[in-house]
Amino acid sequence: MKQYLISLISAALISAVAVNIFDKKSFIGNHIRLLSGIFLSITVISPLFKLEIPDFDVFQNMLASEAHQIVAEGETYYQEQRRTVISQQVETYIVNKATELGAYISVKVTLAKTEPPIPSGVEIEGSVSPYVKVALETYMVNELGIPKERQMWN
């Protein structure tokens, strides 16, 4: 940067001296002013010629790699959110069914690693009558496909 400023100031001084030596209205003076302007312009933009621009293919590959990574992260986030929503909906569904039967419970649903995720197990906390327990067990087996052996009552 220091070298650039020194060369820019030097070019401006040289141009100013050259322009002032000759009469502004003369043929040579006009050409000197034109050449001084070109000289200053080249001095100002010369650092642009020294810039090293990386290969476009490398840049494009880097962008493509980042895009694939972002898409993969988005898909992972979507799957996690989808699993969370399904789990919450099934838990709410079971709690509502228990409430209809007069029981107050809390539920934690486990989803299978399948696509789409389906309920594979459930942990139920709360005290319920034997009648409500049998009704909920039957309901979870028939309606939700959760086997009786994967239903944990606490």
Quick check on region 2-50: take the gyration tensor over C-alpha atoms, sort the square-rooted eigenvalues as a ≥ b ≥ c, and tell me if it's rounded (a/c under 1.5), prolate or oblate.
oblate
What does the extension gain come out to for Asn20 and Glu149, with contour length at 0.36 nm per residue minus their alpha carbon separation?
36.4 nm
In order over region 73-85: 3J(HN,Hα) from phi, Karplus 6.51/-1.76/1.60, θ = phi - 60°, whole Hz, x for each Gly or Pro, gives 5, x, 5, 4, 4, 4, 4, 5, 5, 4, 4, 4, 5
Once the convex hull of the C-alpha atoms of region 104-154 is built, how many Å³ does it hold per residue, rounded to a whole number?
72 Å³
Report, to two decimal places, the Cα Rg of the chain normalised by 2.2 N^0.38 Å (N = number of residues).
2.62
Between the alpha carbon centres of region 106-154 and region 43-87 the gap in Å comes to 44 Å
Counting only residues 5 or more places away or on other chains, whose amide H sits under 5 Å from the amide H of Ile146 once H atoms are built in the peptide plane?
Val141
For Trp153, enumerate residues with amide H under 5 Å from its amide H, sequence gap 5+ or separate chain, H modeled in the peptide plane.
Ile124
Amide H of Ser120 versus every other amide H placed in the peptide plane: which residues, excluding those fewer than 5 positions away on the same chain, fall under 5 Å?
Thr110, Leu111, Ala112
Could you give the length gained on full extension between Thr110 and Phe49, defined as 0.36 nm per residue of separation minus the Cα-Cα distance, in nm?
15.7 nm
Percent of beta bridges antiparallel (DSSP, the chain, rounded to nearest 5):
65 percent
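Every number here is computed from the coordinates shown, using simple stated rules; none is lab data. A quick note: this is a predicted structure, and the numbers were derived from the prediction, not measured.
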